[in-house]
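These notes are about the structure you will find just below.
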Amino acid sequence: MADELKRGLEGVLVAESDLSYVDGEVGKLVYRGYDIEDLARGASYEEVLYLLWHGSLPTAAELDSFAVDLAAERDVGDDVIETVRALADAGERPMAALRTATSMLSAYDPDEESDDDGEATLRQGRRITAKIPTVLAAFERVRQGEAPVAPDPELSHAGNFLYMLTGTEPDAVSEETFDMALTLHADHGLNASTFTAMVIGSTMADVYSGVTGGIGALSGPLHGGANQDVMEVLHEIDASSKDPVQWVKDKRDDGGRIPGFGHRVYKVKDPRAKILEEKLRDLSESSGDTKWLDYTTAIEEYLTDQGLVEKGIAPNVDFYSGSVYDSLGIPVDMYTPIFAMSRVGGWIAHVAEYQEDNRLIRPRARYTGPEDSEFVPLDER
Ligand code: ACO
């Protein structure tokens, strides 16, 4: 029905896409037909980027050349690093610093604005995807009073980020864990940030604008910001004398929401949460430190007993990702930027796909304001 109001665009179909499919009833996620579980366990983030951007999984030779081309774009100029330093000195939050720096990167892009042939979106997208980890790692290091670490083109996308963050090459388990997290977050249908990037792309604005807008949308606590919120809750519980169940009970009694639970599409446990939970279990058992695993398990069990999960408010990807990042020594306020570092692959794929058969996105609102207001000149009001 043309005039039916769909608040929050819930369930509204606005495009066709070959990229990812989310079945919220059974808890399934696929990228171009491949189950997320197979990709998380078997494919690198670079393979997933190739799949999203080029339509099929790469052969070994295609992957080699794709990974080399991506790694070759990692450097950012001194001006960008100086801006990142100024933002850190001003106490800017990481997501806001990333938003500003990503916008700035366009100044140094060799493509002309007029190169809007579709391929330009992917070329520019590759540069943005390669440079975002460099920007983020530099931001984290300068705010800790350390010198930025230059990217190493020999390392994988995941391994290089951890290297630039810490100055030390990561061990195989850390690299593989982080790579899996990047794969899990790479795309997810028309979530709020992807839709934001698409709306911007539908005006045929450049992809830097779309990605900058996507970062802004992802930063909110109802979307990407929830992974940080979950970890802050776990720290708050740890610092208090309450047990996790009591904390959650009090929060709910106050009418508060539990971060990491609920999802617009999933009515059962998010498949990405299941994979990360298993990862957290492995990491906790091998390190012997099971604190975050114990807390999250207790919270999930309690909310399941309370019937919340049965009502469709189940753990989402953010419920477990923070604890996994914590095991890698990543600071809490970098969790959402890391989400952006992965999801940028999906934003670019969706913008490129949508622009192939572009139609300006322009919905409308039902007008509920006054009618026939009589204008009174300023000096008579
Ligand atoms: N804790 C407690 N109750 C909840 C939660 C939660 N986390 N999420 C939803 N509910 C309840 C609401 O209070 C509401 O109850 P009511 O009908 O009695 O008023 C009902 O579930 C439906 O909630 P809506 O807000 O209408 O559902 P919506 O689809 O708009 O919300 C959202 C989805 C925003 C993700 C919500 O579940 C939420 O706020 N979760 C916490 C934040 C979070 O984890 N966000 C990350 C999402 S995943 C991602 O972006 C990667």
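The values are calculated or read from the model by the stated rules, or taken from the named source; none is laboratory data. Values in this document were obtained by computation on a predicted structure and should not be read as measured data. Using ideal geometry, Cβ is built from the backbone for each residue, glycine included, and neighbour counts are taken over all protein chains shown.
With the structure loaded, tell me whether Lys311 is part of a loop (DSSP other than H, G, I, E, B), within 15 Å of the ligand (Cβ to nearest atom) and either among the charged types (D, E, K, R) or modelled with pLDDT of 95 or more (or both) or whether it fails that test.
Yes: the conditions hold for Lys311.
Quickly run through segment 22-62 and pick out the residues that are in contact with a strand residue (DSSP E or B) (Cβ under 6 Å, 6 or more places away or on another chain) and within 16 Å of the ligand (Cβ to nearest atom).
The answer is Val22, Leu29, Tyr31, Ile36.
Which ones in segment 201-246 are over 13 Å from the mean Cα position of the chain (by Cα), buried (at least 17 other Cβ atoms within 10 Å of the Cβ) and within 13 Å of the ligand (Cβ to nearest atom)?
Asp229, Val230, Met231, Val233
Conditions (1) touching a Cys at 6+ places or on another chain (Cβ under 6 Å); (2) under 24 Å from Asp206 (Cβ atoms); (3) part of a helix (DSSP H, G or I); (4) among the acidic types (Asp, Glu), marked per residue:
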| position | (1), (2), (3), (4) |
| --- | --- |
| Tyr21 | no, no, no, no |
| Asp38 | no, no, yes, yes |
| Leu57 | no, no, no, no |
| Glu62 | no, no, yes, yes |
| Val76 | no, yes, no, no |
| Thr83 | no, yes, yes, no |
| Leu98 | no, yes, yes, no |
| Met104 | no, yes, yes, no |
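For Leu105, state whether it is assigned by TED's automatic domain parsing to the domain that holds Ala349 and over 16 Å from the mean Cα position of the chain (by Cα).
yes
Pick from Asp206, Asp229, Asp179, Asp187: which is touching a strand residue (DSSP E or B) at 6+ places or on another chain (Cβ under 6 Å) and either under 21 Å from Leu283 (Cβ atoms) or in contact (Cβ under 8 Å) with a residue 24 or more places away in the chain (or both)?
None of the other options fit; the residue is Asp187.
Among the candidates Gly329, Gly307, single out the residue that is of a type outside the set (D, E, K, R) and under 30 Å from Leu52 (Cβ atoms).
So the residue among Gly329, Gly307 that is of a type outside the set (D, E, K, R) and under 30 Å from Leu52 (Cβ atoms) is Gly329.
Scan segment 274-295 residue by residue and report those that are outside any helix (DSSP H, G or I) and either in contact with a Cys (Cβ under 6 Å, 6 or more places away or on another chain) or β-branched (Val, Ile, Thr) (or both).
Thr290
For segment 255-278, enumerate the residues that are near the ligand (Cβ under 9 Å from one of its atoms), closer than 14 Å to Phe319 by Cα and surrounded by fewer than 18 Cβ atoms within 10 Å (Cβ to Cβ).
Across segment 255-278, the qualifying residue is only Arg257.
Do you know which of the residues in segment 279-308 that are within 14 Å of the ligand (Cβ to nearest atom) and hydroxyl-bearing (Ser, Thr, Tyr) is surrounded by the fewest Cβ atoms within 10 Å (Cβ to Cβ)?
So the residue we want is Thr304.
Go through segment 275-327 residue by residue and tally those that are under 23 Å from Ile338 (Cβ atoms), of a type in the set (D, E, K, R) and without any contact (Cβ under 8 Å) to a residue 60 or more places away in the chain.
Going through segment 275-327 one residue at a time, the tally reaches 7.
Restrict the check to segment 149-158 and report whether at least one residue is in a helix (DSSP H, G or I), under 18 Å from the mean Cα position of the chain (by Cα) and either free of Cβ contacts under 8 Å to residues at least 12 places away in the same chain or buried (at least 19 other Cβ atoms within 10 Å of the Cβ) (or both).
Yes, because at least one residue in segment 149-158 is in a helix (DSSP H, G or I), under 18 Å from the mean Cα position of the chain (by Cα) and either free of Cβ contacts under 8 Å to residues at least 12 places away in the same chain or buried (at least 19 other Cβ atoms within 10 Å of the Cβ) (or both).
Being near the ligand (Cβ under 8 Å from one of its atoms), assigned to a helix (DSSP H, G or I) and surrounded by fewer than 19 Cβ atoms within 10 Å (Cβ to Cβ) is the requirement here; does Arg252 meet it?
yes
Among (1) part of a helix (DSSP H, G or I); (2) under 19 Å from Val199 (Cβ atoms), there is one condition Ser323 misses while meeting the rest; what is its number?
For Ser323, the failing item is (2).
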